[in-house]
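See structure below.
The values are calculated or read from the model by the stated rules, or taken from the named source; none is laboratory data. Keep in mind that what you see is a predicted model, and the values were worked out from it rather than measured. Note that each Cβ is placed from the backbone with ideal geometry, even for glycine, and that neighbours are counted across all protein chains shown. Quick note on the areas: whole protein, heavy atoms, side chains included, nothing else; ligands and nucleic acids left out. Shrake-Rupley method; radii C 1.70, N 1.55, O 1.52, S 1.80 Å.
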Amino acid sequence: MAAIRIENLCKGFGSLEVLKGIDLDIADGEFVCFLGPSGCGKSTLLRSIAGLENLDGGSIRLGERDITDLPSAKRDIAMVFQNYALYPHMNVRKNLSFGLALNGMKRDEIDRRVTNAAEVLRITELLNRKPRQLSGGQRQRVAIGRAIVREPKLFLLDEPLSNLDAGLRVTMRVELAALHERLAVTMIYVTHDQVEAMTLSDRVVVLDKGKVSQFGTPLELFYRPANLFVAGFIGSPRMNFVNANVADECETGLRLAGGGLARELSLDTLSPAPIGRDCPVTLGIRPNKLELTSPDEAHLAGNVRLVERLGTESHVHISLEGGGDLTAVVRGTHPVSTRERVHIRIPSEHCHLFDADGKAIERPLDAETRALINQEEGRGPRGPVLEERHA
Amino acid sequence: MDMAYAGTQTGAARRKRASVRRHIAPYLFISPWILGFLFFTLGPLLFSLTMSFFDWPVVGERTFVGLDNYRSMFTEDPQFWESLWITVKFAAIYVPFNIVMSFFLALMLHHVTFASGFFRTAFYLPSVISGVALVTIWSWIYSREYGLLNFMLSLVGIDGPNWLGDPNLAIVAIIIASLWGLGGTMLILLTGLKAIPKELYEAATISGVPGWAQMLFITLPMLGPMLIFTFITSIISAFQQLTIALLLTKGGPLGSTYFFAMYVYDNAFKYFDMGYAAAGSWVMFVIVLALSLVVMRWSAAWVYYEGEIRQADGERNA
């Protein structure tokens, strides 16, 4: 096991800068996801850690060792590829033992590791089959097994579940979490699926255009997004954004008006907000926090474009009168219908606030959420509280 | 007749006609190819098989002689064995050289990033040059007095030999000239190399598998079907070697480049013994077929075909 420290990592392809000064500290035994949209550089970052890309700058340390210039084979890592990368002409046993045998490992030790990995992954009965004879889930297990037999300090997983169907993905997600618990080894997992990232990770790195947009626990990303990108990227349906202006400011909060707002809205801030009167801001609010209400209580009004009924809840897509769109999540039996005029209240306690540069202005959280985030932050990898583990 | 019954019968007849149309339509679509195959491939093939059982002069009466052409070829015609032996010698050298050189060229081009298109075209170009043009170029290269090859050798103080006049060197000269057209084989192998997923190599690199082992245990097995295909096509082209030998050496000197195809050609168009030439063609066909079957049988144990179905019973679910 080992912690990993990445400092000012840069990588480009020709004139295209893909990674622009990445700094990360990943704790020993932690499960970290690299999350971001296509082209954000998450796979390149993973491949850089694996030593499959030549860096333009920066350094990578694994434990006490600087592995920046080490060849992949000497980094003490293992990688699981998106398309499994199993050798199609070798059976499962050979796929697992191929690398070990060529590194001069003794037959007994190879057999022990292969048997052990096969038992852990429940693929013992498949050892004599070729990859072609396996289902997607079985192939994925073999690919993970090939990583396990190396007994590496760091596991790198590049979208390992993206080729599986939805049901199998859920099953494999649970198995991966259990495997991490069992192996107690540092794992880095690349995905563009936020559900995978939120459910599997101790912490998530959100990448945007080659930069770390935010690095935090899943709940922290959801409840305390550092900027507009993270706020819009995490959560489904995505957060709604409404433009407004600062009408008034004081030590403990702001009063917002104008923009898309029909009525003034007062918001508390944790500390004096670094913005003055008339400054433009963006309000962010999760769809499930919006309330359809009467005209005299409403901050916004609009017409319903579409209602998606999902049973327990309904997604209401609204075109605002002042321009722009909103999505509200209401209870499944709410009688709202298409083309209906609706009035929307924004509960100020659930609002996120962003300055003109898209940076979050810190707001107080309710006690329950704060306690939950603190509890998650206090936890180390695989559950136990950090202080307890180091005690 | 009852109206309802009549209607049912009409409906059944219509369905039958539609069914017939549905079954015939595909064959109509491929009929141009089928007709071409029947008249220009299968027809001549069977016709030549028939010819091989006849004494078939171009002009004059044809006489059925049964297996007599084959018997006299195997027992009374030393030229048959000599030409066959020269062809086997040629194939034994040409085929492995063709494949090994094509493989390494393909490997080089696969890794070359600078001007790869130019190099690919340059290496493939000789394959599209007509046989006659190729022979003209090589007869100039091999010329004893004015040839490029001997000129180059003279620059390093070597008195170049008579490449096409020496019975020992003439076959070497033909092998080299034939290898000049290895671009086709190279292109097939290059396509095969490009089809190997790069993740296989990356996974091996991370696992610490050295380069030579990646070549031996990943590249070669993954390229197996292509290698076998080029192996068989090389054997076929070696046994069909005619143009270069016919134009460059005319089978000489002293019959040292008198290939089997030339032997068949001479029997047909020099001695006008069509039946005997047809028998020779069929002997060549059987030899090539037998060799191809042996290669395929031998390769089955170690060549992996992605399309093979080796489905295990009932254990497909995760």
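For the stretch A:197-214, the set of residues classified as open to solvent by 10 Å² or more (accessible area, probe 1.4 Å) and over 17 Å from residue A:19 (Cβ atoms) consists of A:198, A:199, A:200, A:201, A:202, A:203, listed by residue number. Whether any residue in the stretch A:122-138 is in contact (Cβ under 8 Å) with a residue 60 or more places away in the chain and either open to solvent by 20 Å² or more (accessible area, probe 1.4 Å) or in a loop (DSSP other than H, G, I, E, B) (or both) is what I want to check. Checked the stretch A:122-138: no residue is in contact (Cβ under 8 Å) with a residue 60 or more places away in the chain and either open to solvent by 20 Å² or more (accessible area, probe 1.4 Å) or in a loop (DSSP other than H, G, I, E, B) (or both). Can you name the number of the only condition in (1) open to solvent by 40 Å² or more (accessible area, probe 1.4 Å); (2) in contact (Cβ under 8 Å) with a residue 60 or more places away in the chain that residue A:242 fails? It fails just one condition, (1).
Candidates B:30, B:24: the one that is assigned to a helix (DSSP H, G or I), within 28 Å of the chain's Cα centre (by Cα) and at negative phi is B:30.
Let's see how each residue does on (1) part of a strand (DSSP E or B); (2) within 16 Å of the chain's Cα centre (by Cα):
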position: A:23; (1), (2): yes, no
position: A:34; (1), (2): yes, yes
position: A:40; (1), (2): no, yes
position: A:45; (1), (2): no, yes
position: A:73; (1), (2): no, no
position: A:84; (1), (2): no, no
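Is there a residue in the stretch B:135-151 that is within 28 Å of the chain's Cα centre (by Cα), closer than 19 Å to residue B:252 by Cβ and open to solvent by 70 Å² or more (accessible area, probe 1.4 Å)? Taking every residue of the stretch B:135-151 in turn, at least one turns out to be within 28 Å of the chain's Cα centre (by Cα), closer than 19 Å to residue B:252 by Cβ and open to solvent by 70 Å² or more (accessible area, probe 1.4 Å).
Of a type outside the set (Phe, Trp, Tyr), farther than 14 Å from residue B:264 by Cα and not in a loop (DSSP other than H, G, I, E, B), is that true of residue B:66? Here the answer is no, as residue B:66 does not meet what is asked.
The single condition among (1) hydroxyl-bearing (Ser, Thr, Tyr); (2) in a helix (DSSP H, G or I); (3) open to solvent by 10 Å² or more (accessible area, probe 1.4 Å) that residue B:256 does not meet is (2). Suppose the filter is within 13 Å of chain B (Cβ to nearest Cβ), assigned to a loop (DSSP other than H, G, I, E, B) and open to solvent by less than 40 Å² (accessible area, probe 1.4 Å); does residue A:90 pass it? Yes.
Here the condition is being away from chain A (no Cβ under 14 Å), over 19 Å from residue B:305 (Cβ atoms), crowded, with 21+ Cβ neighbours inside 10 Å and in contact with a Ser or Thr (Cβ under 8 Å, 6 or more places away or on another chain); of B:206, B:236, B:174, it holds for B:174 alone.
Here are A:169, A:150: which of them is within 12 Å of chain B (Cβ to nearest Cβ), open to solvent by 40 Å² or more (accessible area, probe 1.4 Å) and touching a strand residue (DSSP E or B) at 6+ places or on another chain (Cβ under 6 Å)?
Working: A:169 fails: touching a strand residue (DSSP E or B) at 6+ places or on another chain (Cβ under 6 Å).
Only one candidate qualifies: A:150.
Looking only at the stretch B:58-68, count every residue that is surrounded by 10 or more Cβ atoms within 10 Å (Cβ to Cβ), touching a residue at least 60 places away in the same chain (Cβ under 8 Å) and over 15 Å from residue B:266 (Cβ atoms) and tell me the total. Of the residues in the stretch B:58-68, 2 are surrounded by 10 or more Cβ atoms within 10 Å (Cβ to Cβ), touching a residue at least 60 places away in the same chain (Cβ under 8 Å) and over 15 Å from residue B:266 (Cβ atoms).
Could you count how many residues in the stretch B:259-281 are of a type in the set (S, T, N, Q) and either surrounded by fewer than 22 Cβ atoms within 10 Å (Cβ to Cβ) or not assigned by TED's automatic domain parsing to the domain that holds residue B:169 (or both)?
First, the residues of the stretch B:259-281 that are of a type in the set (S, T, N, Q): B:267, B:281.
If we keep only those that are either surrounded by fewer than 22 Cβ atoms within 10 Å (Cβ to Cβ) or not assigned by TED's automatic domain parsing to the domain that holds residue B:169 (or both) too, we end up with B:281.
Selection size over the stretch B:259-281: 1.
Among the candidates B:303, B:288, which residue alone is modelled with pLDDT of 90 or more, over 29 Å from residue B:60 (Cα atoms) and touching a helix residue (DSSP H, G or I) at 6+ places or on another chain (Cβ under 8 Å)? Before the answer, list the steps.
On the way: B:303 fails: modelled with pLDDT of 90 or more.
Within the list B:303, B:288, the selection yields B:288.
Residues that are more than 14 Å from every other protein chain (Cβ to nearest Cβ) and touching a helix residue (DSSP H, G or I) at 6+ places or on another chain (Cβ under 7 Å) were ranked within the stretch A:45-79; the one that is most open to solvent (accessible area, probe 1.4 Å) is A:55. Within the stretch B:77-95, is there a residue that is without any contact (Cβ under 8 Å) to a residue 40 or more places away in the chain, out of contact with any Ser or Thr (no Cβ under 7 Å at 6 or more places or on another chain) and part of a loop (DSSP other than H, G, I, E, B)? So far as the stretch B:77-95 goes, yes, one or more of its residues are without any contact (Cβ under 8 Å) to a residue 40 or more places away in the chain, out of contact with any Ser or Thr (no Cβ under 7 Å at 6 or more places or on another chain) and part of a loop (DSSP other than H, G, I, E, B). Of everything listed in (1) open to solvent by less than 30 Å² (accessible area, probe 1.4 Å); (2) within 9 Å of chain B (Cβ to nearest Cβ); (3) over 29 Å from residue A:165 (Cα atoms), the single unmet condition for residue A:102 is (1). All of A:280, A:335 fail the test of being surrounded by fewer than 15 Cβ atoms within 10 Å (Cβ to Cβ) and without any contact (Cβ under 8 Å) to a residue 12 or more places away in the chain, apart from A:335. If you check residue B:157 against the conditions, is it assigned by TED's automatic domain parsing to the domain that holds residue B:99, in contact with a helix residue (DSSP H, G or I) (Cβ under 6 Å, 6 or more places away or on another chain) and not in a helix (DSSP H, G or I)? Spelling it out, it is not the case that residue B:157 is assigned by TED's automatic domain parsing to the domain that holds residue B:99, in contact with a helix residue (DSSP H, G or I) (Cβ under 6 Å, 6 or more places away or on another chain) and not in a helix (DSSP H, G or I). For the stretch B:70-88, a tally of residues being over 15 Å from the mean Cα position of the chain (by Cα) and surrounded by 14 or more Cβ atoms within 10 Å (Cβ to Cβ) returns 10.
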